[in-house]
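S.K.: Below is a structure I'd like to ask you about.
The values are calculated or read from the model by the stated rules, or taken from the named source; none is laboratory data. Treat the numbers as computed from the prediction; the structure is a model and nothing was measured. The accessibility values were calculated without ligands, DNA or RNA, using every heavy atom of the protein model including side chains. Shrake-Rupley method; radii C 1.70, N 1.55, O 1.52, S 1.80 Å.
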Amino acid sequence: RNNSTMGNSESTPSPPPVAPVESTFPPKNDFSWPENLYVETRDMGALSFLVYTWSYVLDTLGDSIPKKDRFTIQDVIKIIDDNKKVLQEGKHGSDFADDSKTYESLQLLKDRPEGELSLEDFDDDYQTKELVYGVGKDDFNKRITVVFRGTTNSLAFRSNWGTNLDVAKKSEPIPEVLKGKISGTKIRFHEGFHEYMNNKTKNPNDDSETTKKDQIFSSVKALLKKHPDYKVYVTGHSLGAALATMASYYLSIDEEIPKPVTCINFASPRVGDSRFLKAVRVLEKEGNLRHLRVVNENDTVTVAPTVGFNHVGFMMKMHEAARKDIEISYPKENESWGSWFGRAWDMSIPASLNVTYDHGEYRERVETQKDEIEKLDLNKMYSDPNLTGFE
């Protein structure tokens, strides 16, 4: 509807100009970053899939698990080892089969030198109605990691798939820290993911206004209060990757969270519109966010939804075992038409259809591509204007 009037001398004020943003990578702090991208990707991959495992342990063993506020990785391994037969015979038995990747991931985390890895918070109490997440503390790498569980048909089919398929868009105002840096007034998100993150919690003991995002942030900030020199990581697989993308955005605009926030996720669908892409790009350029989206070739989940949605951050695409190379790309602000079209086709449904593909085959490919990923460093990738277009 047009509200303009003939002869009206007043005109609609023009939006403020978009201010240029200078790049501030590498991050200017004393934090000791992992030696290469493989180390970060390996650890986040292990956590992204172990969050499923812990859910299956809780579902199978129930009240027989000791009541504790926190579990070390040694606690988790002991619970699984002590109950291996019961777990293998339960409805989630395939995750505990002798050849399962579960044990490799657990061993990987157990064998790291020094330090202690612990699960400080885990919430699946209302998983048939809301998202599932865990918060871990890693004293060796000085990081606090939020990990979101992906879709699991056996535990939360209706809730998870209702969220995945709710592809309408939900708007929220551009946050104050980004005003004047991107155009427009609102950012639009995938409604299902947005509601999962921002809905009120279902726990009747929570304050009536508490959202899942509030709950997660409260847990993270409580740990940061005890460990102010730690960095925040966010990860997840599939639906969990989409939630990780949203959470890392919210964390990176929160002034109480140390920067940069790092998101390394696996098999993520698209989450937001073109303005969300611009917002994330500004946060990355300012050194507030590091974002890596790990994608397996022909994983159809990673190319949905399509119209009006955009991927953000670096993409690292891994191929089948026969190919050892990996592809790195970034959605530059002023990329050429040919580059844009190539990326668009590469991440389209026709180019990614593969009915025989295992959507969970991410840890395997990270190990297959280890030598190539070890050559990469995420901070150096952000510092390369040829990759990002940052000036």
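S.K.: Through the Karplus equation 6.51 cos²θ - 1.76 cosθ + 1.60, θ set to phi - 60°, convert the phi angles of region 160-170 into ³J(HN,Hα) values in whole Hz; use x for Gly and Pro.
M.R.: So the J values, rounded to whole Hz, are 5, 6, x, 5, 4, 8, 7, 9, 5, 10, 10.
S.K.: Among the listed pairs Lys226/Lys285; Lys78/Lys225; Lys225/Lys375; Lys332/Lys380; Lys278/Lys317; Lys225/Lys380, which are separated by more than 24 Å between their Cα atoms?
M.R.: Beyond 24 Å between Cα atoms: Lys226/Lys285; Lys78/Lys225; Lys225/Lys375; Lys225/Lys380.
S.K.: With θ taken as phi - 60° and the coefficients 6.51, -1.76 and 1.60, list the Karplus ³J(HN,Hα) couplings across region 67-81 in order, rounded to whole Hz; mark glycine and proline as x.
M.R.: My calculation for region 67-81 gives 7, 9, 6, 8, 10, 6, 5, 5, 4, 4, 4, 5, 4, 5, 5 Hz in order.
S.K.: Which of the lysines could be linked to Lys129 by a straight reach, that is with a Cα gap under 18 Å, when you skip same-chain ones fewer than 8 residues away?
M.R.: Output for Lys129: Lys200, Lys202, Lys212, Lys213.
S.K.: While we're here: Which aspartates and glutamates, if any, have their Cα less than 16 Å from the Cα of Lys101, not counting same-chain residues under 8 positions apart?
M.R.: The qualifying aspartates and glutamates are Asp43, Asp81, Asp111, Asp358, Glu361, Glu364, Glu367.
S.K.: Sticking with this structure for a sec: Take the alpha carbon atoms of region 205-233, find their center, do the same for region 370-391, and report the distance between the two centers in whole angstrom.
M.R.: Answer, in whole Å: 31.
S.K.: Accessible area of region 32-168 with a 1.4 Å probe: how many percent of it is carbon plus sulfur?
M.R.: It is 48 percent, rounded to a whole number.
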